[in-house]
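> The structure is given below, and queries will be raised subsequently.
FYI, it's all coordinate maths here, none of it is from the lab. On a predicted model such as this, the values are computed, not experimentally measured, just so you know. In this analysis, Cβ positions are derived from the backbone assuming ideal geometry, glycine residues included, and neighbour counts consider all displayed protein chains.
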Amino acid sequence: LPRVQSPSPQNALIDIGGLFYARGWSVGTCSNYSIVTSRDPLQLCITASGKDKRSLTEHDFVTVDGAGKPVGSTNKPSAETLLHTTLARVAGAGAILHTHSVWGTLLSDLDHPAGQTVIEGYEMLKGLSGVGTHETRYALTIFPNTQDIEALSVDLEKRLRDESRPIRHGFLLRNHGLYAWGNDLAEARRHIEIFEFLFEVVVRRRMITLIR
Ligand SMILES: [Zn+2]
């Protein structure tokens, strides 16, 4: 039987860019995506800085090592590369996706004082790996936004290792966007889709409650 050729990491992420641009989650060259291509030593294929996600090409990526340094490429990796390498190293993520959506941005601001947004009672929560029922009180962490990605990656690592307040599936950055990950790209993409659906539901519901 002929072998089915699986797409390269670059081609798989080019597809993600087209999809997320169309959904309005990756407009204005914002956001970034990565896939782990080697575990030992750790290497990731990640979008290069400032590329239009609607029309990524195979030249718009960089391979980086576990410290976020480019390996054999002159492309500049995304400014947020250290968050990707931290998630790959500490959370064991195989793929990491980051979006800047309207609803995620609004929710990250509204709930920032509590440090988390709580999502409860929705069937779509079952799309998050390991969540078996809608009767789940799901707390999604919101970090303050910063341009100091190195400091943020240290905070993120601490929280990923803190078993009393575990971070799984994803987190929000205030007034910025969503990070979500999975064992592979399909799982990471599913988590983004689930979170973005739930963000819109939660914020729209609050708006309806205000006017009725
Ligand atoms: Zn971002």
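> So what is the 222 nm mean residue ellipticity for the chain from helices alone, if each DSSP H run of at least 4 adds -39500 (n - 2.57) and you divide by all residues, rounding to the nearest 500 deg cm²/dmol?
Taken over the chain, the calculation gives -11000 deg cm²/dmol.
> So for the range 71-212, taking the charge dipole from beta-carbon charges (+1 Lys/Arg, -1 Asp/Glu), which of His112, Met207, Gly177 sits furthest toward the positive end?
Met207
> Hey, can you grab everything whose amide H is under 5 Å from the amide H of Phe61? Only 5+ residues off in sequence or another chain; H modelled, so Pro and N-termini drop out.
Those qualifying (amide H under 5 Å, at least 5 residues apart or on another chain) are Ala48.
> Straight distance only, please: which lysines reach the Cα of Lys53 with their own Cα at less than 16 Å, same-chain residues fewer than 8 apart left out?
Lys76
> Cut-off is 10 Å between beta-carbons; in what order do Trp25, Trp103 appear when sorted fewest neighbours first?
So the residues, fewest neighbours to most, are Trp103, Trp25.
> Follow-up. Using a Gaussian network for the chain with springs between C-alpha atoms less than 10 Å apart, which of these wobbles most: Gly28, Gly132, Gly68?
The residue with the greatest mean-square fluctuation here is Gly132.
> Taking the Cα centre of the range 87-212 as origin and charging only Cβ (+1 Lys, Arg; -1 Asp, Glu), how large is the dipole, in debye to the nearest 20?
260 debye
> Then there's this: Taking the beta-carbon count within 10 Å as an exposure proxy, list Ile16, Ile192 from fewest neighbours to most.
The order, fewest Cβ neighbours first, is Ile16, Ile192.
> With +1 on each Lys and Arg Cβ and -1 on each Asp and Glu Cβ, how big is the dipole of the range 97-164 about its Cα centre, in debye rounded to the nearest 20?
Value, rounded to 20: 140 debye.
> Same structure again: Taking amide H atoms as placed 1.01 Å from N in the peptide plane, list the residues 5 or more away in sequence, or in a different chain, whose amide H sits under 5 Å from that of Val27.
So Val27 has HN proximity to His100.
> Could you give the dipole magnitude of the chain about its Cα centre, charging the beta-carbon of Lys and Arg +1 and that of Asp and Glu -1, in debye to the nearest 20?
Rounded to the nearest 20 debye, it is 280 debye.
> Further question on the same structure: Go ahead and run the numbers for FRET between Asp109 and Arg190, Cβ-Cβ distance against an R0 of 30 Å, rounding to 0.05.
Calculated transfer efficiency: 0.75.
> Taking θ = phi - 60°, what integer Hz values does the Karplus form 6.51 cos²θ - 1.76 cosθ + 1.60 yield along the range 173-190, in sequence order, with x for Gly and Pro?
Going residue by residue, I get 10, 4, 6, 9, x, 10, 10, 9, 8, x, 5, 9, 5, 4, 5, 4, 5, 4 Hz, with x marking Gly and Pro.
> Karplus couplings for the range 148-157 from phi (6.51 cos²θ - 1.76 cosθ + 1.60, θ = phi - 60°), rounded to Hz, Gly and Pro as x?
Result, ordered by residue: 8, 5, 5, 5, 5, 5, 5, 4, 4, 4 Hz.
> Across the range 28-87, how large is the tail of the calculated P(r) beyond 17 Å, expressed as a percent of all Cα pairs?
29 percent
> Still on this structure, I have one more. Roughly what would the spin-label model give for Glu163 and Arg54, points 7 Å off Cα along C-beta, in nm?
Placing both labels 7 Å along Cα→Cβ, they lie 4.8 nm apart.
> Here is a further query. Which FRET efficiency, nearest 0.05, do Ala22 and Ala67 yield, Cβ-Cβ r, R0 45 Å?
Using R0 = 45 Å, I get an efficiency of 0.85.
> Follow-up question, since we're still on this one. What distance in nm lies between label points placed 7 Å from Cα along the C-beta direction at Lys76 and Met207?
So the two model labels end up 3.6 nm from each other.
> From the backbone phi of the range 5-19, what are the Karplus-calculated ³J(HN,Hα) couplings (6.51 cos²θ - 1.76 cosθ + 1.60, θ = phi - 60°) in whole Hz, Gly and Pro given as x?
Once θ is set to phi - 60°, the couplings for the range 5-19 become 7, 6, x, 5, x, 4, 5, 5, 6, 4, 4, 4, x, x, 5 Hz.
> Next question, about the same structure. Once you have the Cα-Cα distance between Glu135 and Ser6, take 0.36 nm times their residue separation minus that, and quote the gain in nm to one decimal.
Fully extending the segment from Glu135 to Ser6 adds 42.7 nm.
> If I model a spin label at Cys30 and Asn145 as a point 7 Å from the Cα along the Cα→Cβ vector, what separation in nanometres do I get?
0.6 nm
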